[in-house]
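Every read-out reported here was derived from the displayed coordinates using simple, explicitly stated rules and does not represent laboratory data. The structure presented is a predicted model; accordingly, all values stated were derived computationally and were not measured. Quick reminder, even Gly has a Cβ in these numbers, built from the backbone with ideal geometry, and neighbours come from all protein chains shown.
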Amino acid sequence: MNRSTSPAGKNAMKNSNSPMQLTRAADYAVRVMIHLATPAVEGRISLPELARATGAPVSFLSKVMQALSRAGMISSRRGQAGGFRISLRGRGASMSEVIEAIDGPISLNVCLKSARSCRRKASCPAHPVWRQAQRAMLEVLANVTVWQLAAGPSPRAGGEGGQLLVQPTVEAESDRSSLLAI
């Protein structure tokens, strides 16, 4: 038996289907939307060109593009002058809207999906933490648009370690203070 010897522990679970991980399809969708919204990109772009630009397999990207088209974020045209183009709705879409167009509602834990999803919710000491983390994540994803990402060098000014484009709200700051007090 091959056990992990990482600092996280010998019995750390390695699950690539973790609900806390963005799906590959959603990641490709975000990449495509940013690429299509880039000022240098004009007109329609073919699927193979998008696949090269985003590092996504053509066959997989085809399904992603269908979902984005159904959501009204892109338009597509077949034929010689065909390809994909971002819509006005797509330019103004938030990251959360792009992700939800592919994966549906974003949820860190099953207990946050609906009122009846977990019988232990009322007595679970972890539930308020999950709820707060969910709120913070959704706030960040909802407050960054495809257009902002395409217009700037990266989501962090100055690269890794720079300032976030999205600043925490007063509510998020008070949530952080109350969590630190626990």
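With contacts taken as Cα pairs under 8 Å and at least 6 residues apart, the stretch 28-147 reaches a relative contact order of 29 percent. The label point for T38 and the one for F60, both projected 7 Å from the Cα toward the Cβ, are 2.0 nm apart.
What number do you get for the stretch 29-90 when its Cα radius of gyration is normalised by 2.2 N^0.38 Å, N = residues?
Details: Rg = 10.3 Å, N = 62, 2.2 N^0.38 = 10.6 Å.
Against the empirical 2.2 N^0.38 Å value, I get 0.98 for the stretch 29-90.
Summarising the amide proton neighbourhood of S107: residues at separation of 5 or more, or on other chains, whose placed amide H is nearer than 5 Å comprise an empty set.
For Q80 and R120 in one chain, what is 0.36 nm times their gap in residues minus the Cα-Cα distance, to one decimal in nm?
That pair, Q80 and R120, stretches by 8.7 nm at full extension.
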